[in-house]
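> Right, I'll just put the structure down here and ask away after.
Values quoted throughout were computed directly from the atomic coordinates according to the rules given, and no laboratory measurement underlies them. Not measured: the values here are computed from a predicted model. Cβ sites come from the backbone with ideal geometry, for glycine too, and all protein chains shown count toward neighbours.
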Amino acid sequence: MPTQDNLYARVADFDAMEAELKATRQHLHAHPELSFEEAETARYVADKLEGWGFDVTRNVGGHGVVATLKNGTGTKSIGIRADMDALPIAEETGAAYASTVPGKMHACGHDGHTTMLLGAAEYLARTKRFNGTVTLIFQPAEEAGKDSGAQKMIADGLFERFPIDAIFGLHNHPGMPAGAILTRPGAIMAGGNTVKITINGKGGHASRPHLTVDPVLIACNLVVTLQSIVSRNVDPTQTAVVTVSTIHAGKASNVIPNTAEISMSVRYFDPAVAELLEERIRKLTHSVAEGHGATAEIEYEYGYPVVLNSEAETAFANEVARELVGDENVSTCPPLPGSEDFAYFLHHRPGSFLRLGNGKDSAILHSSKYDFNDGSLTTGSAMWARLTERYLDA
């Protein structure tokens, strides 16, 4: 391997584009836009695509850009998605192309995802070695957490307006060598829910706690109790996470407040486990609060569902990846507790979500020191080009 080099795109075919890809990625990195603010990023992307001859539709589900290119007489259509939004994080990479927007940065690699799909687009428009229709989806607001870009594009008629037989996407993967490709059939990324709990007690003077119902004490007891849910309720062969991420209560050291607030992140791979987690969180919260003479209010919000890859499409993507980079550079991805709104696309069409190595020494995602590895750009672009050519094989 690789095989059939002369028939389909190779990484080497993108070597001449490497400088251009790096310049594009670093331009996007320097000009980040948050979820629902991606107007300039969308314009930049759409202008390039139109210049290469794609039929471009702007403002799909907000700032979404959809570009189609048809070649030959084939009736099959493939969709490939890249996300465009940045995060509200102050960058600390020290890079020459660091964010020029205070408090905003591409800390998740969406600048790289967008660039790789643009690289594939330019190549496909130039070579046209496919028979059918390729639909490129540049999605806003993946980081929104709810009412996300994927949901809004679907609600805006994405799949009705742009017929697609199967859809693919990828995310960079810190900790794996640059250019390595990871695939996994079935559940690859977790569903994620958020919970806000308000403990209503009775405030008073810190010197006379016996006259109060201390919500701080109750909240601390509840945090410890909630940590028993996964270890003592979830089947050990299943994966689940319950993380209490914030506690807020009081403003003065000599005052016991009336209320305390807790927020939580809940992750799961099995919908039955999600139901179990919600049931136990609700029961334990009310039990602990009432046991101390307080009451509790719970806001339980379901976020992105599990990313569930189709078996056939994942097997196909795995085969293409092995042709492209060799067996030694393709591996099975472990289930990942992070969440992704690509899951919504997979509710409507079969497809697969892949991971692409970002370097063993890469900073973690959503870190102020994270940066996309430009060494992966040619591999990612070639993967999308070859996948398209193989799926729409003339």
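> Check which residues have an amide H placed less than 5 Å from Ala9's amide H, if you skip close sequence neighbours.
It is Arg386, by chain and number.
> Still on this structure, please answer the following. Which of rounded, prolate or oblate describes the stretch 116-231 when judged by the alpha-carbon gyration tensor and an a/c cut-off of 1.5?
prolate
> May I pose another question? Rounded, prolate or oblate for the stretch 1-100? Axes are the square roots of the Cα gyration tensor eigenvalues, ordered a ≥ b ≥ c, and the cut-off for rounded is a/c under 1.5.
Because a/c hits 1.5 or more and a/b fails to exceed b/c, the stretch 1-100 counts as oblate.
> Still on this model: Which ³J(HN,Hα) values in Hz, rounded to whole numbers, follow from the phi angles of the stretch 268-283 under the Karplus curve 6.51 cos²θ - 1.76 cosθ + 1.60, where θ = phi - 60° and Gly and Pro get x?
Listing the rounded values in order: 7, 10, 10, x, 5, 5, 4, 5, 4, 4, 5, 4, 5, 4, 5, 5 Hz.
> Give the angle, between 0 and 90 degrees and rounded to the nearest 10, that separates the Cα long axis of helix 110-127 from the longest principal axis of the Cα atoms of the chain.
Between helix and principal axis, roughly 20 degrees.
> Springs between alpha-carbon atoms under 10 Å, Gaussian network over the chain: tell me which of Ser263, Ser287, Ser253 tops the mean-square fluctuations.
Highest fluctuation among the options: Ser253.
> What's the angle, to the nearest 10 degrees (0 to 90), between helix 18-30's Cα axis and the longest principal axis of the chain?
30
> Per DSSP H run of n ≥ 4, the term is -39500 (n - 2.57); total these for the chain, divide by its residue number, and report the mean residue ellipticity at 222 nm rounded to 500 deg cm²/dmol.
About -10000 deg cm²/dmol.
> For the chain, please report how many Lys pairs fall under 19 Å Cα to Cα, leaving out neighbours fewer than 8 apart on the same chain.
11
> Same structure again: Label the stretch 32-156 by shape, choosing from rounded, prolate and oblate, from the square roots a ≥ b ≥ c of the eigenvalues of the Cα gyration tensor; if a/c is under 1.5 it is rounded, and otherwise prolate applies when a/b is larger than b/c, oblate when it is not.
Cα axes put the stretch 32-156 in the prolate bin.
> From the backbone phi of the stretch 315-326, what are the Karplus-calculated ³J(HN,Hα) couplings (6.51 cos²θ - 1.76 cosθ + 1.60, θ = phi - 60°) in whole Hz, Gly and Pro given as x?
4, 5, 4, 4, 4, 5, 4, 5, 4, 6, 10, x
> Now for a separate question. To the nearest 20 Debye, how big is the dipole of the stretch 58-117 about its Cα centre, given +1 on the beta carbon of each Lys and Arg and -1 on that of each Asp and Glu?
460
> Non-local amide H neighbours of Met84 (under 5 Å, H modeled in plane, Pro and chain starts lacking H): which ones?
Gln139, Ala141, Glu142
> Could you tell me the center-to-center distance, by alpha carbons, between the stretch 334-354 and the stretch 49-126 in angstrom?
That distance is 18 Å.
> Sticking with this structure for a sec: Restricting to bridges with both residues inside the chain, how much of the DSSP beta-bridge set is antiparallel, in percent to the nearest 5?
Bridges in the chain that DSSP calls antiparallel: roughly 70 percent.
> Follow-up question, since we're still on this one. Enter the angle in degrees (range 0 to 90, nearest 10) between the Cα long axis of helix 215-226 and the first principal axis of the Cα atoms of the chain, meaning the one along which they spread out most.
For 215-226 against the chain, the angle is about 50 degrees.
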